[in-house]
Amino acid sequence: MTSAAFPGFEYRDDALHCEGVALAAVAAAVGTPVFVYSRGAIETAYRAYDAALAGIDHLICYSVKANSSLGILNLLARLGAGADIVSGGELYRWLKAGGDAGKVVFSGVGKTEAEMRSALEAGILAFNVESGEEIDVLDRVARAAGVRARVALRVNPDVDAQTHPYISTGLTQNKFGIAAAAARDAFRRAADLPGLDVRGIDCHIGSQLTKTSPFSDAIARLCELILSLASEGIRITDLDIGGGLGIDYGKDGDAPPPSHDAYGAAVKQAMSVLGDHQVRLLVEPGRSIVGPAGVLLARVLYNKDNEVKHFTIVDAAMNDLIRPSFYGSHHPMQPVRRSAAASRVTDVVGPICETGDFLARDRALPPMERGELLAIGAAGAYGFTMSSNYNTRPRAAEVLVSGETWTVIRDRETLEHLVRGERIAE
């Protein structure tokens, strides 16, 4: 686990630390599994985006779905971030954490009328509208509320993000956005509706990008449309290019993600065609802000051999971190106590009653005895937010480390939590 790929985590005297805190001390106090996040790493990643986009009017709208814990959201809100949300629940969390509703963009293909009303009442920055029917519904809801809804139309630019098909969102076969060929008509119609205030254009081509060229291609297509609309009297003032900058998951052979500076330079170059047409840039990073900043700590329960495999059985499972079984994704792993022993090939698996319950397959790791701790890296994004209670397993605790101190920002669930609201029929 290198400091370059995993900022905030390093070995000190052969014990893995998050900033100035020994991970073993956290596990002893809170138990396992537990997610541990580095405040310093999150702040550094946010500021890297801000610095890369210096010189142009911009707003960083953190993608709440990556990690929606109140402690993380509050930290980002205090840094000045806005929020990219995809549900009414995420809006509730953002406001509960002290976030500014006026910096919120509401994305997603399936907003309900109740969610629209709540967002209008809160006074969000804009709705990223994704279909013709949504245009009509939002217009009606806004007029009934006596307001005009600020909107950006999400255009599907048909750009291949060259990433995992489940997180590729900018192709014609994806469910997101309005087809590029239909976009001009959609803008014209939305601009004529009394309940809508058309402000922006939006796209999001996918996440975990390892090249800047897909960003550049998508922005070029949006800029062309902005200039074309301006010639018709429809002035676009906000350009939302989504998120998508990848992170290093530590897998051999994977291309490293672009640097923030390279990302910023590519964005600015692609936007230069706008000339005197000034727009505010909105970006929606999530994974690249919180992903490297978190680890999932697990404790070894058993070692097991069969005729062809060795298994390291830990107390974390697919309900805690579903990405390996869902996406086939790779997460780096290291023992919390550094070992000089020769590695062996093992499958790291959890207690859930599914063959798909694995955190790593055929991974070279030092032998770990029962009771030792394993750190699963790059788990700050889409770890807890995608976790579940499958097999009636309480969800993990979360801890935020700041220098030499740490805070439990989410208590571990109890079995009582899991049955709250249930009842037996008579």
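Below, the figures for the structure above:
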quantity: Unique match (being of a type outside the set (Phe, Trp, Tyr) and either out of contact with any Leu (no Cβ under 8 Å at 6 or more places or on another chain) or at pLDDT 85 or above (or both)) among Ala142, Ala180, Ala161; calculated: Ala142
quantity: Selection within the range 106-128 - closer than 26 Å to Glu224 by Cβ and at pLDDT 95 or above; calculated: Phe106, Ser107, Leu125, Ala126, Phe127, Asn128
quantity: Number of positions in the range 239-262 that are touching a Leu at 6+ places or on another chain (Cβ under 8 Å) and either assigned to a loop (DSSP other than H, G, I, E, B) or surrounded by fewer than 21 Cβ atoms within 10 Å (Cβ to Cβ) (or both); calculated: 6
quantity: Those strands (runs of 3 or more DSSP E) lying entirely in the range 361-414 with at least 1 residues under 20 Å from Val348 (Cα atoms); calculated: 373-376
quantity: Subset of the range 203-228 (residues that are of a type in the set (A, V, I, L, M, F, W, C), without any contact (Cβ under 8 Å) to a residue 60 or more places away in the chain and in contact with a strand residue (DSSP E or B) (Cβ under 8 Å, 6 or more places away or on another chain)); calculated: Cys203, Ile205, Leu209, Phe215, Ile219, Cys223, Ile226
quantity: Pair list, Cβ < 8 Å and 6+ apart or interchain, from the range 109-138 residues that are farther than 14 Å from Val151 by Cβ to residues that are of a type in the set (Lys, Arg) and outside any helix (DSSP H, G or I); calculated: Val109/Lys175
quantity: Pair list, Cβ under 7 Å, 6 or more apart: the range 235-261 residue under 17 Å from Pro324 (Cα atoms), other residue surrounded by fewer than 21 Cβ atoms within 10 Å (Cβ to Cβ) and aliphatic (A, V, I, L, M); calculated: Asp248/Ala5; Gly250/Ala5
quantity: Sole exception among (1) in the same structural domain as Ser388 (by TED's automatic domain parsing); (2) in contact with a strand residue (DSSP E or B) (Cβ under 9 Å, 6 or more places away or on another chain) for Asn319, by number; calculated: (2)
quantity: Residue tally, condition under 15 Å from Arg154 (Cβ atoms) and either of a type in the set (Gly, Ala, Ser) or touching a helix residue (DSSP H, G or I) at 6+ places or on another chain (Cβ under 8 Å) (or both), over the range 208-228; calculated: 5
quantity: Considering residues of the range 373-401 that are more than 21 Å from the chain's Cα centre (by Cα) and either farther than 20 Å from Ala360 by Cβ or assigned by TED's automatic domain parsing to the domain that holds Gly89 (or both) only, the residue surrounded by the most Cβ atoms within 10 Å (Cβ to Cβ); calculated: Pro394
quantity: Top-ranked residue in the range 183-228 [being part of a helix (DSSP H, G or I) and of a type in the set (Val, Ile, Thr); ranked as modelled with the highest pLDDT]; calculated: Ile226
quantity: Residue, surrounded by the fewest Cβ atoms within 10 Å (Cβ to Cβ), within the range 207-238, restricted to residues that are among the polar types (S, T, N, Q), over 22 Å from Ala265 (Cβ atoms) and touching a Lys or Arg at 6+ places or on another chain (Cβ under 9 Å); calculated: Ser228
quantity: Residue tally, condition part of a loop (DSSP other than H, G, I, E, B) and at pLDDT 95 or above, over the range 1-56; calculated: 11
quantity: Qualifying residue in the range 263-283 (condition: closer than 24 Å to Ile352 by Cβ and part of a loop (DSSP other than H, G, I, E, B)); calculated: no
quantity: Selection from the range 100-131 of residues that are crowded, with 23+ Cβ neighbours inside 10 Å, small (Gly, Ala, Ser) and over 17 Å from the mean Cα position of the chain (by Cα); calculated: Ala119, Ala126
quantity: Count of the range 270-288 residues which are in contact with a Ser or Thr (Cβ under 7 Å, 6 or more places away or on another chain) and more than 17 Å from Ile42 (Cβ to Cβ); calculated: 3
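The values are calculated or read from the model by the stated rules, or taken from the named source; none is laboratory data. Keep in mind that this is a model prediction, so the values were computed, not measured. Cβ atoms come from the backbone with ideal geometry, glycine included; neighbour counts cover every protein chain shown.
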